[in-house]
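A.B. asks: Structure below; questions to follow.
The values are calculated or read from the model by the stated rules, or taken from the named source; none is laboratory data. Computed from a predicted model, the values in this text were never measured in an experiment. Neighbour counts are summed over all protein chains in view; Cβ atoms, including those assigned to glycine, are modelled from backbone coordinates with ideal geometry. Accessible surface is based on the protein model in full, side chains and every heavy atom, while ligands, DNA and RNA are left aside. Shrake-Rupley method; radii C 1.70, N 1.55, O 1.52, S 1.80 Å.
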Amino acid sequence: MSLFIGLMSGTSLDGIDAALVDIAPDTPPRLLATHGEPIPPDQRDLLWRLCHAERISFAELARAEADFSRLQAGAVDTLLAKQNLPASRIVAIGSHGQTIEHAPAGHDGGPAYTLQLDNPSLLAELTGCRVVADFRRRDLAAGGQAAPLAPAFHQALFRVPDEWRAILNLGGFANLTLLPPEGDARSPLGFDTGPANALLDAWHARHRYGHFDENGAWAASGRVDEALLERLMDEPFFHQPPPRSTGRELFNLDWLEARLSGGERPQDVQATLAELTATSIAMGIEMARERLEAPSPERLIPCGGGAHNPDLLARLARRLPDTPLEDSASLGWPADWLEAGAFAWLAWRRLEQLPGNLPSVTGAAGPRILGGIYAP
C-alpha cells in the first residue's frame with residue numbers, strides 16, 4: 001500500500017480538503033479517508049483581500065502564507081491521527097496551495113503567471129513528510145494554461161470502454177472534462193467553462209447572511225432576468241475556444257455590476273447567476289463535443305461544492321436533457337474529494353517521473369512532469 005495525501009483549497013476559500021489516497025500502478029487510485037479543515041474567518045478575510053488586491057504588502061503575504069501552511073499541517077496531522085497512522089507511512093503530500101491570481105495570458109503585455117500561496121518547505125518541516133508542490137508553473141513554462149490539471153486524474157478514475165463521460169467540477173469556477181471511451185484515439189478535452197459558485201457566493205454574501213446560498217434556495221426564489229443573462233453571456237470568454245482558464249481576475253462583482261441596469265431584485269440576480277453557470281456549462285459541453293466530433297456524453301458526473309446545490313443541478317438537467325447526471329460517489333469517489341485526490345495522484349506521478357498534464361487540455365507544448373520535491 002502506497003499512501004499519499006492530497007491537499008486542496010479552492011477559490012471558495014472555505015477550507016482545506018485533505019484526502020488520504022492509496023495509489024499503485026495500473027489500478028485506479030483508492031480514497032481511504034478524508035478531513036476538511038475550515039479556514040478561520042480572519043485568515044479567510046486576509047486571503048480574500050490578497051485575491052483582490054492591486055498591491056500587496058510583503059509582510060502581509062508572508063503572514064498569510066505561513067498561517068496557511070500551518071493550517072495545512074494541522075489538516076494532515078488530524079487526518080493521520082484519525083487513521084492512527086504515523087507520518088512515516090506517507091510517501092508524499094501533494095499540495096496545491098491557495099491560488100491568489102491566475103493570469104495565463106499575463107497582463108498588459110507582461111509574462112504569463114499563476115500564483116499559488118504555499119510554503120512546501122514549512123509544510124515538510126511541520127509534518128515530517130515529503131511534499132510535492134508548485135504543480136502549475138511547469139505547464140505554464142511549456143506554453144500551457146496551467147489549468148485545469150484535474151482532467152488527467154479524471155481520466156485515471158473514470159475513463160471506461162464504450163462510453164463518453166463528462167466530469168464537471170463545480171467549485172468557485174466550473175471546469176469540464178470530456179472523456180472519450182478507452183481505445184478511442186481522441187485525447188480528453190478539458191477547460192474552464194466560467195463561474196460556478198464564485199459569483200453566486202459573492203452576491204449572496206453582499207445581500208444576505210452567510211458565505212453561500214445553501215441548497216440554492218435563494219436562487220430558486222428568484223426569476224431569471226433574460227436580458228441580464230444575455231448581457232452576461234456576451235462576455236468574450238464564453239465564446240473563446242479551448243484551451244482556456246479563468247478566475248476572479250475576470251469574473252467578480254465589479255464585472256457583474258457593470259452589466260446590471262439598476263433596479264433588479266437581488267434574488268432575481270442570484271437566479272440569473274445560477275442560470276449563467278448552467279448556460280455556460282451547456283455551451284462548454286457543446287463546444288467540447290464539436291471539437292472532438294463526439295456524441296452527447298452518456299453521463300455527466302458533477303463534483304465539488306456545487307454538486308450539493310439542487311437548484312443548480314436542476315438547471316443543468318434542464319439545459320442537458322440528453323445527458324443524465326450521476327453522483328460520483330456511485331462510481332467510487334465522493335464529489336467533495338476529487339480535487340484533493342487529484343493532487344495526491346499528481347504527487348505520485350511526480351515521484352514516478354511521469355507527466356501530470358494533458359497537453360490536449362492545457363495547450364502545453366507536450367507532456368511535462370509537474371511539481372517540485374521538498375524533503376522533510
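A.B. asks: Rounding to the nearest 20 debye, state how big the charge dipole of the chain is about its Cα centre with +1 on each Lys and Arg Cβ and -1 on each Asp and Glu Cβ.
C.D. replies: Roughly 680 debye for the chain.
A.B. asks: Hey, can you rank 30-41, 194-205 by average C-beta count inside 10 Å, highest first?
C.D. replies: 194-205, 30-41
A.B. asks: Can you classify region 64-175 as rounded, prolate or oblate using the Cα gyration tensor, where a ≥ b ≥ c are the square roots of its eigenvalues, rounded means a/c under 1.5, and otherwise it's prolate if a/b beats b/c and oblate if not?
C.D. replies: oblate
A.B. asks: At 1.4 Å probe radius, can you tell me the per residue accessible area of region 7-135 in Å²?
C.D. replies: About 46 Å² of surface per residue is accessible.
A.B. asks: Quickly work out the residue 331-to-residue 186 label distance, labels modelled 7 Å from Cα along the C-beta direction, and quote it in nm with one decimal.
C.D. replies: 1.6
A.B. asks: By how many nm would the segment from residue 293 to residue 250 grow when fully extended, if each residue of separation counts as 0.36 nm and the alpha-carbon distance is taken off? Let's see the in-between values first.
C.D. replies: On the way: separation 43, 0.36 × 43 = 15.48 nm, distance 2.98 nm.
Taking residue 293 through residue 250 to full extension adds about 12.5 nm, to one decimal.
A.B. asks: Between the DSSP loop rule and a limit of at most 13 other Cβ atoms within 10 Å, which GluC sites (Glu not before Pro) in region 308-376 are left?
C.D. replies: 352
A.B. asks: What full-extension length gain, to one decimal in nm, is calculated for residue 85 and residue 373 as 0.36 nm per residue of separation minus the Cα-Cα distance?
C.D. replies: So the extension gain works out to 101.5 nm.
A.B. asks: Hey, another quick one. Please state the relative contact order of region 92-219 as a whole percent: Cα pairs under 8 Å, 6+ residues apart?
C.D. replies: 15
A.B. asks: All other residues with a Cβ under 13 Å from the Cβ of residue 214 taken together, and with Lys, Arg as +1 and Asp, Glu as -1, what is their net charge?
C.D. replies: -3
A.B. asks: Using a 1.4 Å probe on the protein heavy atoms, what percent of the accessible area of the chain belongs to carbon and sulfur?
C.D. replies: Answer for the chain: carbon and sulfur cover 49 percent of the accessible area.
A.B. asks: May I ask for the net charge around residue 186, where only other residues with Cβ less than 15 Å from the Cβ of residue 186 are counted and Lys, Arg are +1 while Asp, Glu are -1?
C.D. replies: -2
A.B. asks: Moving to a separate point now. What are the principal axis extents of the Cα atoms in region 1-155, in Å, biggest first?
C.D. replies: Computed over the Cα atoms, the extents are 49, 36, 24 Å.
A.B. asks: Using a simple spin-label model with points 7 Å from Cα along the Cα→Cβ vector, what separation in nm is obtained for residue 24 and residue 125?
C.D. replies: For residue 24 paired with residue 125, the spin-label model returns 3.7 nm.
A.B. asks: Right, something else. Express in whole angstrom the spacing between the alpha-carbon centres of region 185-256 and region 42-86.
C.D. replies: 26
A.B. asks: Output the relative contact order of region 255-333, whole-number percent, from Cα pairs under 8 angstrom with separation of 6+ residues.
C.D. replies: Value for region 255-333: 33 percent.
A.B. asks: Right, here's the next one. Rg to Rh for the chain: what is it, with Cα atoms only and Rh by Kirkwood?
C.D. replies: Working: Rg = 19.8 Å, Rh = 20.9 Å.
Answer for the chain: 0.95.
A.B. asks: Explain nothing, just the number: relative contact order of the chain, from Cα pairs under 8 Å at least 6 residues apart, as a whole percent.
C.D. replies: 23
A.B. asks: Still on this model: Just add up the charged neighbours of residue 296: K/R +1, D/E -1, any other residue whose Cβ is under 13 Å from the Cβ of residue 296.
C.D. replies: Neighbourhood net charge equals -2.
A.B. asks: If I model a spin label as a point 7 Å beyond the Cα along the Cα-Cβ vector, how far apart are those points for residue 2 and residue 215 in nm?
C.D. replies: 4.4
A.B. asks: For the chain, what does the helix formula give at 222 nm: sum of -39500 (n - 2.57) over DSSP H segments with n ≥ 4, over the residue count, nearest 500 deg cm²/dmol?
C.D. replies: After summing the helix terms and dividing by residue count, I get -11500 deg cm²/dmol.
A.B. asks: Report the one residue of 94, 115, 81 whose Cα lies farthest in the direction of the positive end of the charge dipole of region 69-165 (charges on C-beta: Lys and Arg +1, Asp and Glu -1; origin at the Cα centre).
C.D. replies: It is 81, whose Cα lies furthest towards the positive end.
A.B. asks: Leaving out ligands and nucleic acids, and using a 1.4 Å probe, what accessible area per residue does region 239-376 come to in Å²?
C.D. replies: Value returned for region 239-376: 40 Å² of accessible area per residue.
A.B. asks: Could I ask something else about it? Going 7 Å from the Cα of residue 66 in the Cα-to-Cβ direction, what parts of region 100-130 have a backbone nitrogen less than 19 Å from that spot?
C.D. replies: Under cut-off, by backbone N: 117-128.
A.B. asks: Could you work out how much longer the chain between residue 205 and residue 54 gets when fully extended? Use 0.36 nm per residue separation minus the Cα distance between them, nm to one decimal.
C.D. replies: Full extension of this stretch gives 52.2 nm more.
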